[in-house]
Amino acid sequence: MALGKYSRVDGRKSSNYCSTVTIVVFVALCLVGVWMMTSSSVVPDQNLDLSSQGKKNDLSTQVTEGKESYNGGNESNNKAGDDGNPTDEGKSKQFEDTLGDLPEDATKGDALVSQEENHSNPQQTESTSEVKQEEKSTEQKEDAGESESETQSEKATDDSDDKKEDGPNKVDDKDSEAGEKNENKSVGEEIKEGSDEKKSVENSVELNDKKDQEVGQGSDEKADGEKKDQSSSAVFSSGTQSDLLNETTTQNGAFLTQASESKNEKEMQKSSGSDKENSYIWKLCNSTAGPDYIPCLDNLEAIRNLRSTKHYEHRERHCPDNPPTCLVPLPEGYQRSVEWPTSREKIWYHNVPHTKLAEIKGHQNWVKVSGEYLTFPGGGTQFKHGALHYIDFIQQSFPEIAWGKQTRVILDVGCGVASFGGYLFERDVLAMSLAPKDEHEAQVQFALERGIPAISAVMGTKRLPFPSRVFDVVHCARCRVPWHIEGGKLLLELNRVLRPGGLFVWSATPVYQKLPEDVEIWEAMQKLTNAMCWELVSKTKDRVNGVGVAVYRKPTSNECYEQRSKDVPPICQGSDDPNAAWNVPLQACMHKAPVATSERGSQWPEPWPARLSKSPYWLLSSQVGVYGKPAPEDFTADYEHWKHVVTNSYLNGMGINWSTVRNVMDMRAIYGGFAAALRDLNVWVMNVVSVDAPDTLPIIYERGLFGIYHDWCESFSTYPRSYDLVHADHLFSKIKTKCGLPAIVAEVDRILRPGGKLIVRDKEETITELESMLKSMQYEINMTYSKDKEGLLYCQKTMWRPKDVETLIYAIA
């Protein structure tokens, strides 16, 4: 048994302080021990149990303070067997079980003790070295056999009983049991004959406050006390036991808690770029809208609770309190979208499987069903014979409109399937087309699938999400908006977004028909537009289409406003900011025209395309730009930067097939430099300026580009699968703490088409987090790059959709 070894070790150490007679006696005992090791005597099991329990009792008090931190902070000491290698059982041992191995572990420190003795007693070293080697090899062989057999046979039946009866004295470590049995076999008589020495060795393992409680009684008490002091010093100086205790007591300060270690590990994995795709669990959105789900427009619970729908409140945005993190399903039979320009004429039926509009408007050449395609002849309610003829007719009616030069950016209200905007591309004109998500089934979705810019919006009770004085032309062809009612509130909103000197092109039945209702509306419109100081500059009729067009011009000065006999509609108060457009209620008032030469809107922009690269006249050097330079320099530097990035990276270095890209979104546009750098490609870019970012959207419009205000903690007003490429420059790191990355990534996934590209430039840790998240959505990661804590990610969306479903109660009819 191990305690016998301690007797020998203690005897050797105390020989430095004893007489020569004591040394001779000790050597004799050692020889007896060698003889006993070669014998086959077996110590009874009860002696093993008693000695084990006694040893455990002696040690349990010693480690009470450090036991919890040892178990939680360092498992390595618990995993070692007799040979120093980890064992399977050692992985799950408690610290008390490890104490059962303490005598065996302490034996490993005998080499250190022997080295000390070599200096103090070289003769004794020679006589005992062979004994120790033979003893250790014998123990290891017997340990390997007996520990395995005994543990396997007794573990199933004794485990629960040991927990109840043995308590802290239970020894279930197979290495400990085997070691103790082997030692009992070899030193059985020594234990019996040297009980006094055994007691002194057991007492030597105690802490100082337990010394007097377990000292041997009777005639040997005094001698045992002296031996205890000496042997205690010997054991703690041997190395193994003192090291174990030192580790135990210092782990409270040197080792972290499990919670801290787990947190640090997670942070380390995140920073090292380890894959975490399995940590994100995605589900499929279950809503009444199905594959066409738009969270802020399909909040049916909020719509049901509206007090009124008279002003199209039910078509406005009603976002859920918590943005969804589920993924929108694909329509059955969905295919990769038809590429531009073929997509302008036809799209896959299964991508937008709606036929109602074809049934209602097919005779007006809006859309038709043709086999597996939906086809678009290019017509509309006001241009049955094609949009191009209608566009040229407007130009002939009022040549000053100068498509593609004087007029570059227009707003098309009630756009239908957006054929008007789709064919304006041939005249170098950008049209922001809008229509509500209404009974004209998926008209905006048709437009986007065709590769034509459009958003789902309605002129209801709130301002449109655009700055003031930015559109060169506003167009309405049978848009079904009652412009003349309620003091002209809706027409006054067009007045807000229309540039001074800009045109309102109105093609509707009141312009050319003489029915009583039409005449009444025409007269009301004439009265309202005169009061607004709009000038009717043209009214003509197209004999081919049988329709008429009226063109109005907004004034460029305040002279007319000041000369009105009645202040109706009124001039807005000076405190009213015309650029405030996010969730701002409509007001039936007009803002004064800018007159200062340095004020935006006082001059018409440069002709296209010169306006694209030239800094706006109203950007002054005294103003500080977004990047810290004087505003004009900031503008130019931004443009040069994006030209360099697009030319050297996006067009040539990343392997993007730009022939498959038509609809592009820049989620954080700043000055629109990214969109400007793509000018020579056959794409259009929706520039988004966050509502909590510097308001640079007017600059984007001044360049001949377009965009929209948006809060990325909410869903975008577009259908799923709208964009071929989404670009985000340092957006996610700025808003992830505000909104949470899963919701933003789910929204990007919603608006991105299968096969669509996502390019993200951001901080390295954000790129790492996004990469893991996108991998969990089965995106193809085509490129990642990082340098100086900045990163670039380029990936593609696949057809993958999760199988688990999340029902959105608020989106169920």
key: Hits in region 323-354 (condition: over 13 Å from E449 (Cα atoms) and either touching a residue at least 60 places away in the same chain (Cβ under 8 Å) or among the basic types (K, R) (or both))   = P323, P324, T325, C326, L327, V328, P329, L330
ask   = Looking only at region 483-528, which residues are farther than 16 Å from C572 by Cβ, buried (at least 18 other Cβ atoms within 10 Å of the Cβ) and within 47 Å of the chain's Cα centre (by Cα)?
value = W483, R499, G501, G502, L503, F504, V505, W506
ask   = Only one of (1) more than 44 Å from the chain's Cα centre (by Cα); (2) modelled with pLDDT of 95 or more; (3) open to solvent by 40 Å² or more (accessible area, probe 1.4 Å) is not met by T461, so which one is it?
value = (1)
key: region 650-687, subset part of a helix (DSSP H, G or I) and in contact (Cβ under 8 Å) with a residue 60 or more places away in the chain, residue farthest from C795 (Cα to Cα)   = A676
query = Take the residues of region 750-794 that are within 14 Å of the chain's Cα centre (by Cα) and surrounded by fewer than 17 Cβ atoms within 10 Å (Cβ to Cβ): which is farthest from V645 (Cα to Cα)?
reply = E765
Residue that is within 24 Å of A454 (Cβ to Cβ), among the β-branched types (V, I, T) and modelled with pLDDT of 95 or more, where the choices are V661, V645 = V661
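Residue-wise test of (1) on the phi > 0 side of the Ramachandran plot; (2) of a type in the set (S, T, N, Q); (3) touching a His at 6+ places or on another chain (Cβ under 9 Å).
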residue	(1), (2), (3)
P632	no, no, no
T636	no, yes, no
W642	no, no, no
N652	no, yes, no
V664	no, no, yes
N687	no, yes, no
D692	no, no, no
remark   = Contact list, first residue from region 715-735 and at pLDDT below 95, second anywhere and surrounded by 24 or more Cβ atoms within 10 Å (Cβ to Cβ), beta-carbon distance below 7 Å, six or more apart or interchain, is I735/W712
message = If I filter region 284-313 down to residues being in a loop (DSSP other than H, G, I, E, B) and surrounded by fewer than 17 Cβ atoms within 10 Å (Cβ to Cβ), which single residue comes out as farthest from the chain's Cα centre (by Cα)?
response = K310
Candidate set from region 603-613 (those that are open to solvent by 40 Å² or more (accessible area, probe 1.4 Å) and in a loop (DSSP other than H, G, I, E, B)); member that is farthest from E562 (Cα to Cα) = P609
inquiry  = Contact list please: Cβ distance under 6 Å, first residue in region 786-813 and closer than 16 Å to P291 by Cβ, second residue assigned to a helix (DSSP H, G or I), pairs at least six apart or on different chains.
reply    = A811/L300; A813/L300
task = Output yes when any residue across region 414-426 is in contact with a Leu (Cβ under 7 Å, 6 or more places away or on another chain) and outside any helix (DSSP H, G or I), and no when none is.
result = yes
ask   = Of the conditions (1) assigned to a loop (DSSP other than H, G, I, E, B); (2) open to solvent by 30 Å² or more (accessible area, probe 1.4 Å); (3) at pLDDT below 95, K405 fails just one. Which one is it?
value = (3)
remark   = Here the residues within region 759-813 that are among the β-branched types (V, I, T), out of contact with any strand residue (DSSP E or B) (no Cβ under 6 Å at 6 or more places or on another chain) and within 30 Å of L306 (Cβ to Cβ) are I809, I812
query = Based on what the data block shows, is C479 over 24 Å from W618 (Cβ atoms), crowded, with 24+ Cβ neighbours inside 10 Å and either in contact with a Cys (Cβ under 9 Å, 6 or more places away or on another chain) or among the small types (G, A, S) (or both)?
reply = no
ask   = Within region 704-725, is there a residue that is over 13 Å from G672 (Cα atoms) and of a type in the set (V, I, T)?
value = yes
key: Matching residues, region 414-450, being in contact with a Cys (Cβ under 6 Å, 6 or more places away or on another chain) and more than 21 Å from L374 (Cα to Cα)   = none
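The values are calculated or read from the model by the stated rules, or taken from the named source; none is laboratory data. What you are looking at is a predicted structure, and each value in this text was computed from that prediction instead of being measured. Here the Cβ is made from the backbone with ideal geometry for all residues, glycine too, and neighbour counts use every protein chain on show. Surface areas here come from the heavy atoms of the whole protein model, side chains and all, with no ligands, DNA or RNA. Shrake-Rupley method; radii C 1.70, N 1.55, O 1.52, S 1.80 Å.
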